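A.B. asks: My structure is below; once you've seen it, I'll send some questions.
The values are calculated or read from the model by the stated rules, or taken from the named source; none is laboratory data. Just so you know, these numbers come straight off a predicted model, no measurement behind them. Here the Cβ positions follow ideal geometry from the backbone for every residue, glycine too, while neighbour counts run over all protein chains shown. Side chains included, ligands, DNA and RNA excluded: accessible areas come from the protein's heavy atoms. Shrake-Rupley method; radii C 1.70, N 1.55, O 1.52, S 1.80 Å.
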Number of protein chains: 2
Amino acid sequence: MGRRHGPLPTTEELRIWRDFIETTERLRSHLASRLQSDSALSPGDYAVLLALHEAEGHRLRSSELAAAIGWERSRLSHHLGRMERRGLIRRVECATDNRGAEAVLTDDGAQAFRRATLPHLGAVREMFVDTLTPEQLAAAGEIAQALRVRLDAASGPS
Amino acid sequence: MGRRHGPLPTTEELRIWRDFIETTERLRSHLASRLQSDSALSPGDYAVLLALHEAEGHRLRSSELAAAIGWERSRLSHHLGRMERRGLIRRVECATDNRGAEAVLTDDGAQAFRRATLPHLGAVREMFVDTLTPEQLAAAGEIAQALRVRLDAASGPS
DNA sequence: CCCCTCTGTTTGACACGTCAATCATATCGA
DNA sequence: TCGATATGATTGACGTGTCAAACAGAGGGG
């Protein structure tokens with residue numbers, strides 16, 4: 001099934017698009033590099049550690065963890081492999097389902113997460129929250145909401 | 001020189017932050033995958049082809065190309081290597097500076113770019129421009145502007 | 001003219017993401 | 001119970017991004 005195309009974006013719309021997408025990318029990469037130099041963690045590491053930290057017993061089934069952070073399974077599997085090598089988590093077999101694996105936060109992982117949190121949230125505040133006016137911050141929330149609905153509509157109705 | 005930290009973001013601010021950053025990431029990846037299936041090009045390919053297409057004689061020095069699309073040199077070098085293997089561009093020595101390299105658009109590359117443009121701009125319109133109200137679109141532009149200024153301030157004053 | 005230093009570019013190593021394929025176990029229906 | 005199929009997770013291949021190191025040629029001062 002082909003896609004119908006209406007009129008293309010105007011020059012001004014395209015300018016906003018490029019500005020928006022390039023700037024959000026710069027923001028992501030800036031925060032990633034600060035997280036890396038402050039805490040030796042990648043954003044992926046942080047997401048995983050955060051989810052495990054909040055989980056019952058500091059442990060989660062692989063698939064629940066994937067769902068919690070919105071990742072594909074194979075991405076998570078690769079990432080957990082790298083994190084396990086560094087001693088941030090370990091994997092244990094699941095008692096109730098022999099197929100399953102659980103990821104468990106290690107002490108090192110918990111400590112790394114605690115050390116990372118404050119500087120990271122500070123950077124988010126500095127580069128995002130405090131950079132925008134309250135109106136802009138609210139608008140950013142509404143924009144994200146609108147885009148999310150559109151993305152859900154594009155992928156969801158299988 | 002350590003960083004001073006003010007109060008951390010509130011729960012609501014953090015919710016907006018996460019929503020914003022995750023949604024822009026989903027948007028990026030959605031458009032990347034559509035570009036890939038429509039045109040067998042990555043967003044990086046498209047950026048390079050666009051810059052070369054607009055350049056005098058469909059060719060640019062590596063460093064000018066890098067500046068035009070805002071990439072680090074080594075990233076561009078790797079990417080040009082991959083594009084050259086696929087026949088989208090070729091590299092020629094620079095006549096006026098024996099260190100220099102020029103990237104030149106091939107006929108295949110130009111054709112790939114032309115075929116990609118319409119569906120890609122259509123997708124941008126569909127997923128971004130038409131998804132937002134005119135007010136939200138304008139707000140997105142202002143938000144990007146504010147964030148960009150902040151990012152420039154953080155990296156620029158060397 | 002030669003050396004030192006800058007500049008333009010490439011390279012290698014490694015982390016990250018996606019896709020398709022694989023593997024083992026669960027589970028359901030005949 | 002047996003066999004087909006579904007599910008949980010891992011793997012391999014490959015494109016992509018970053019960092020630091022390597023290299024080659026340009027340019028300037030002695």
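A.B. asks: Please tell me if B:Arg75 is at pLDDT 95 or above and either in contact with an Asp or Glu (Cβ under 8 Å, 6 or more places away or on another chain) or within 9 Å of DNA strand C (Cβ to nearest atom) (or both).
C.D. replies: Values: at pLDDT 95 or above: yes; either in contact with an Asp or Glu (Cβ under 8 Å, 6 or more places away or on another chain) or within 9 Å of DNA strand C (Cβ to nearest atom) (or both): yes.
Here the answer is yes, as B:Arg75 does meet what is asked.
A.B. asks: Please verify whether B:Ala112 is open to solvent by 10 Å² or more (accessible area, probe 1.4 Å), out of contact with any Asp or Glu (no Cβ under 6 Å at 6 or more places or on another chain), within 14 Å of chain A (Cβ to nearest Cβ) and within 16 Å of DNA strand D (Cβ to nearest atom), treating the condition exactly as stated.
C.D. replies: no
A.B. asks: Another question, if that's okay. Within region A:119-144, how many residues turn out to be out of contact with any helix residue (DSSP H, G or I) (no Cβ under 7 Å at 6 or more places or on another chain) and part of a helix (DSSP H, G or I)?
C.D. replies: The number of residues fulfilling the criteria is 7.
A.B. asks: On the given criteria, is A:Ile16 closer than 30 Å to B:Gly70 by Cβ, open to solvent by less than 40 Å² (accessible area, probe 1.4 Å) and within 18 Å of the chain's Cα centre (by Cα)?
C.D. replies: When the stated conditions are applied, A:Ile16 does not pass them.
A.B. asks: Taking the condition of being farther than 17 Å from B:Glu64 by Cβ and either near DNA strand C (Cβ under 9 Å from one of its atoms) or in a helix (DSSP H, G or I) (or both), how many residues in region B:78-91 meet it? Full working, then the answer.
C.D. replies: Initially, region B:78-91 is screened for residues farther than 17 Å from B:Glu64 by Cβ, giving B:78, B:81-82, B:84-88.
Pick out the ones that are also either near DNA strand C (Cβ under 9 Å from one of its atoms) or in a helix (DSSP H, G or I) (or both) and you get B:78, B:81-82, B:84-85.
Final tally of qualifying residues: 5.
A.B. asks: Please give the number of the condition A:Ala32 fails out of (1) over 15 Å from the mean Cα position of the chain (by Cα); (2) in a helix (DSSP H, G or I).
C.D. replies: (1) is the only condition that A:Ala32 fails.
A.B. asks: Here's a follow-up. Going through A:Ala116, A:Ala103, A:Ala123, A:Ala68 one at a time, which residue ends up being within 22 Å of A:Ser33 (Cβ to Cβ), among the aliphatic types (A, V, I, L, M) and within 16 Å of DNA strand C (Cβ to nearest atom)?
C.D. replies: Only one candidate qualifies: A:Ala116.
A.B. asks: Of the conditions (1) at pLDDT 95 or above; (2) facing another protein chain (nearest Cβ under 10 Å); (3) away from DNA strand C (no atom under 13 Å from the Cβ), B:Ala153 satisfies every one except a single condition; which number is it?
C.D. replies: Checking B:Ala153 against (1) at pLDDT 95 or above; (2) facing another protein chain (nearest Cβ under 10 Å); (3) away from DNA strand C (no atom under 13 Å from the Cβ), the one that fails is (1).
A.B. asks: Shifting gears a bit: Looking at (1) open to solvent by 30 Å² or more (accessible area, probe 1.4 Å); (2) under 29 Å from B:His53 (Cα atoms); (3) at pLDDT 95 or above; (4) not hydrophobic (A, V, I, L, M, F, W, C), which is the only condition B:Pro134 fails?
C.D. replies: Only one criterion is unmet by B:Pro134, namely (2).
A.B. asks: In region B:42-76, what residues are within 9 Å of DNA strand D (Cβ to nearest atom), away from chain A (no Cβ under 14 Å) and farther than 22 Å from B:Gln111 by Cα?
C.D. replies: B:Arg73, B:Ser74
A.B. asks: Does A:Ala40 qualify as being surrounded by fewer than 14 Cβ atoms within 10 Å (Cβ to Cβ) and at pLDDT 95 or above?
C.D. replies: Yes, satisfied.
A.B. asks: What tally of residues in region A:44-73 results from selecting those that are assigned to a helix (DSSP H, G or I), under 16 Å from A:Gly100 (Cβ atoms) and open to solvent by 20 Å² or more (accessible area, probe 1.4 Å)?
C.D. replies: So the answer is 8.
A.B. asks: Inside region B:96-118, can you point out the residues that are of a type in the set (Val, Ile, Thr) and in a helix (DSSP H, G or I)?
C.D. replies: Result: B:Thr117, single match.
A.B. asks: Something else: How do the pairs read when you match residues in region A:86-103 that are within 14 Å of chain B (Cβ to nearest Cβ) and within 10 Å of DNA strand D (Cβ to nearest atom) with residues anywhere that are in a loop (DSSP other than H, G, I, E, B) and not hydrophobic (A, V, I, L, M, F, W, C), using Cβ under 8 Å and keeping only pairs 6 or more apart or on different chains?
C.D. replies: none
A.B. asks: Which condition breaks for B:Leu8 when tested against (1) under 30 Å from A:Asp130 (Cα atoms); (2) open to solvent by 20 Å² or more (accessible area, probe 1.4 Å); (3) part of a helix (DSSP H, G or I)?
C.D. replies: Every listed condition holds for B:Leu8 apart from (3).
A.B. asks: Please go through (1) of a type outside the set (Ser, Thr, Tyr); (2) farther than 26 Å from A:Ala146 by Cα; (3) surrounded by fewer than 19 Cβ atoms within 10 Å (Cβ to Cβ); (4) more than 8 Å from chain A (Cβ to nearest Cβ) for B:Met83 and return the number of the only condition it doesn't satisfy.
C.D. replies: So the condition that B:Met83 fails would be (3).
A.B. asks: Give all pairs with beta carbons closer than 6 Å in which a residue from region B:47-65 that is of a type in the set (A, V, I, L, M, F, W, C) meets a residue that is open to solvent by 60 Å² or more (accessible area, probe 1.4 Å); count only pairs at least 6 apart in sequence or on separate chains.
C.D. replies: B:Ala51/B:Ala68; B:Leu52/B:His58
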